[in-house]
Every structure is written in C-alpha cells, then in structure tokens.
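A short write-up of the structure that comes next.
Just so you know, all these numbers are worked out from the coordinates, no wet-lab data involved. Note that the structure is predicted; figures quoted are calculated from it, not measured. A quick note on method: Cβ atoms are made from the backbone with ideal geometry, for glycine too, and the neighbour counts reach across all protein chains shown.
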Amino acid sequence: MRRKNFNTYCWFLAYVCLALSCASASKRKSDQYYFANKEALHDLKSAYDLLYDQQAFSAGFTDKSFRYYLMEVNTDTIRYIYDTERSEAQLISSIARFGYDTALIRKFSRQLLELKCLWISKASFYENGRKETVTYLSFRSASSGNVFVENKYFILVFLPKAILSEEFKKRIKKGDLVRIEEDVYFTIGNKFR
C-alpha cells in the first residue's frame, strides 16, 4: 500500500511540476514590446549607429544577469573581442584607442542594460547585386530557468529601407519575419547573435 501511495505521489508531483513549468513560461515578447519601448529602442539604435560610424563593432552581455559587457570591434583585418568579466581595463583602453565618444558609449551601455538587450549588431546581405545592411537587437523572449522551455530570443530587425526581394517576401509569408512598422520586423530565434 505504501509503495502505491509513493508512486501516486511521484506521478502527482511530476504532473504539478510540468503544469507549473508550462504556466510559468512568461509571455513572449512581440510587437507589443516594441511599441511599449519604441522611443528607447530607437534612441539605442541611433547611439549605436553614431558609434558604429566611428568604428564597426557589436556589443552585448555575456551573462544572464547583465553584469558583464562584451564588445567585438571589427577592423579591416582583425576582430578584437573585449569582455569586462576578464578585463575591464582592456575594454576601456580599446574605447580610447578606437576613438569612440566616451559620453555616448556610457549612454549606449546604460541603454543596453535598461532595455535588457543581449546583443546589438549589424548584418549584411546582397539584394539584386547591392549590399544591404540591417541592424538587429536581441532579447530573451521567454523566462529563463524553466527546464522545459527551450531558450528563444526575440530579435528586432531594423531595415535601412524597404526590401523587395522575393527571398525576403517568402520569409515574411512563412512567418519567419513579422512586420511591426515600416522597415521594422521581429523574429524569434534559437541564437541571439
């Protein structure tokens, strides 16, 4: 009798854990997140664009607590990676070496933290033989710490202008890219960069 009660208890506990894990998967980010944070997101992108024009780079965080910054600086020949977890002094000296506006870098890093943006970068592709570059921002899209939910990332994509290629239209039609506003889309991905 005790064995039967123990098995029943184990099954009940497993069911409760499963139910709680499904219920605790927080609401995924979507266009609502964009509209609620639209001004801050565009400010972050503007600051990033100004800094990027000084020297190409990508930036974000290396940890879930948003404590350690990571910066990848791209030159014509090499990519430098600076991580505040390993050496904050090295990151600070690289900011001076590449001539970044330090006040703007401080503002940019605060904005990254306030928005809990995991990564910001640019990606390039060719459309009709012309190079196009988009800016993307990545965020965690579901609560972490839930063993039954795969990590997914909410990714905002800012286009410099309307893209009319058939490949792009197919991605929209399939639901890979969801239009939020003119030239702003979002997608959900397994990787944040």
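Using packing as a proxy for protection, rank 81-89, 68-76 so that the peptide with the highest average count of other Cβ atoms within 10 Å comes first. Could the numbers behind the result be given before it?
Numbers: 81-89: 13.9, 68-76: 15.8.
Put in order of decreasing packing, that is 68-76, 81-89.
Return the subset of Lys122/Lys173; Lys38/Lys161; Lys116/Lys170 for which the Cα-Cα distance in this structure is over 21 Å, preserving the input order. Mind showing how you got there, number by number?
Working: Lys122/Lys173 23 Å; Lys38/Lys161 18 Å; Lys116/Lys170 31 Å.
Cα-Cα > 21 Å for Lys122/Lys173; Lys116/Lys170; rest within.
Place +1 on the Cβ of every Lys and Arg and -1 on the Cβ of every Asp and Glu in the range 26-189, take the dipole about the Cα centre, and give the residue among Tyr136, Ile95, Tyr80 whose Cα lies farthest towards its positive end.
Checked the options; the winner is Tyr136.
Mind listing which trypsin sites (Lys or Arg not before Pro) in the range 35-83 are in a DSSP loop and have 12 or fewer other Cβ atoms within 10 Å? Can you show the working numbers first?
Details: sites: Lys38, Lys45, Lys64, Arg67, Arg79; in loops: Lys64, Arg67.
Here the trypsin sites (Lys or Arg not before Pro) that fit, given the DSSP loop and packing criteria, are Lys64, Arg67.
Please list, in order along the range 57-67, the HN-Hα scalar couplings obtained from phi with the Karplus expression 6.51 cos²θ - 1.76 cosθ + 1.60 (θ = phi - 60°), rounded to whole Hz, x for Gly and Pro.
With coefficients 6.51, -1.76 and 1.60, one gets 7, 10, 8, x, 10, 9, 9, 6, 8, 6, 9 Hz.
How would you classify the range 26-189 from its alpha-carbon gyration tensor, with a ≥ b ≥ c the square roots of the eigenvalues: rounded for a/c under 1.5, else prolate if a/b is greater than b/c, otherwise oblate? Walk me through the numbers before you get to the answer.
On the way: a/c = 1.85, a/b = 1.24, b/c = 1.49.
Oblate, because a/c is 1.5 or more while a/b does not exceed b/c.
Would you pull out the residues with amide H under 5 Å of Lys152's amide H, same chain only if 5 or more places away, H placed 1.01 Å from N?
Under 5 Å from the amide H of Lys152: Ser141, Ala142.
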